[in-house]
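Engineer: This is the structure, below, for whatever I ask next.
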Amino acid sequence: MMIRIQYLLAGLLCIFSFTANAQQVISLYPDGQIPFSKNGGEVPRLTVFKPEKDLAKGTAVIVCSGGSYGGRANRTEGGPACKKLQAAGITAFLLDYRVPVSAYMEHKDIVPLTDAQRAVQYVRENAEIYQIDPAKLGIMGFSAGGHLVSTVGTRFNKTDLKNSKGTSLRPDFMVLVYPVISFADSLTHEGSRMRLIGPDFTVEQIKEYSNELQVTDQTPGTFLTSGMDDRIVDVKNSLYFAAALKQHHVPVELFLYEKGYHGYGVNNKQARVQWIDDCITWIKAERYVNSFR
């Protein structure tokens, strides 16, 4: 495990549309059959940030913004991260997963996971279209989006998706940015836990969604970053997950800021060195690769 502490001084079955910046927007469920949906609600989608052809590395990353499972901070987290990846030659897919709201869905606790797994499935099955290697597909998550991503990385063998092709739902690597990892009382972000599994959750659910307890030898290699002074999501979430990965011989790199607070996105204004640059180097070097493939 490499630990770096930065000390700081001061034509497919798809529905397409395009944003003002000509980014492709894809319905996650193009047939309109959105799992567990009721009474309308959000329509999950992917926005594609495709790099220039001469820069493309064949690697892709699905990006999940945070928002305490009550929204998605795309403007400050997911969007800027996608642009950084795109500029580095990595195809980025910004995922607008559904946030858990009982009025609009059944089984709200598994809806964000199902959407994220569907994103992995879609990108893998359409890798040729996007000129990417289906064996170089990662997933990045911020805050509660980090909880979602770490759930994807530890529960890829369990899904409620239709998967007739048997497509692997295991990402090849994960990037977790000041992530919520645990739902244990001593570590969790209470708002994220309440929105996903509340209000009446059980001890068994807390354990099931405490992802530091779900790590196995098959968990994907992971890049972690957090601020040591984070008062919203305790840095111990990242430390416990890194320790669990290490115990299972899973490649892990940990980038800690002495000062970072919560929600710094890709630009920690209190730092001279940004985690995203080291992360992109880590992705390109494929340090996350293990023997699972």
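Engineer: Read through the labelled values (i) 52, 50, 38; (ii) 62, 43, 39; (iii) 57, 41, 39 and report the label of the one computed as Cα extents along the principal axes in Å from the structure.
Structural biologist: For Cα extents along the principal axes in Å, the calculated option is (i).
Engineer: Projecting each Cα onto the charge dipole of the chain (Lys/Arg +1, Asp/Glu -1 at the beta carbon, about the Cα centre), which of Cys82, Gln247, Val235 comes out farthest on the positive side?
Structural biologist: Checking the options against the dipole of the chain, the answer is Cys82.
Engineer: Greater than 24 Å separation of Cα atoms is the criterion. Which listed pairs, Lys84/Lys246; Lys108/Lys269; Lys84/Lys158; Lys108/Lys259; Lys57/Lys84, meet it?
Structural biologist: Going by Cα-Cα distance, Lys84/Lys246; Lys108/Lys269; Lys84/Lys158; Lys108/Lys259 fall outside the 24 Å limit.
Engineer: Kindly rank 28-39, 224-235, 57-68 from highest to lowest mean number of other beta carbons found within 10 Å of each residue.
Structural biologist: Sorting 28-39, 224-235, 57-68 by mean packing, highest first, produces 57-68, 224-235, 28-39.
Engineer: With just the Cα atoms defining each centre, how far is the stretch 149-183 from the stretch 53-108? Give it in Å.
Structural biologist: 14 Å
Engineer: Where in the stretch 259-283 does the amide nitrogen come within less than 13 Å of the point 7 Å from the Cα of Glu52, taken along Cα to Cβ?
Structural biologist: It comes to no residues whatsoever.
Engineer: Separate question: For a quick check: with amide H placed at 1.01 Å from N, whose amide H comes under 5 Å from Leu224's, ignoring anything fewer than 5 positions away on the same chain?
Structural biologist: Leu176, Glu253, Leu254, Phe255
None of the figures in this text is laboratory data; all of them are computed from the coordinates on show. Computed from a prediction, not measured in an experiment: that's the story for all the values here. Counting neighbours? That spans all protein chains shown, and the Cβs are built from the backbone with ideal geometry, glycine included.
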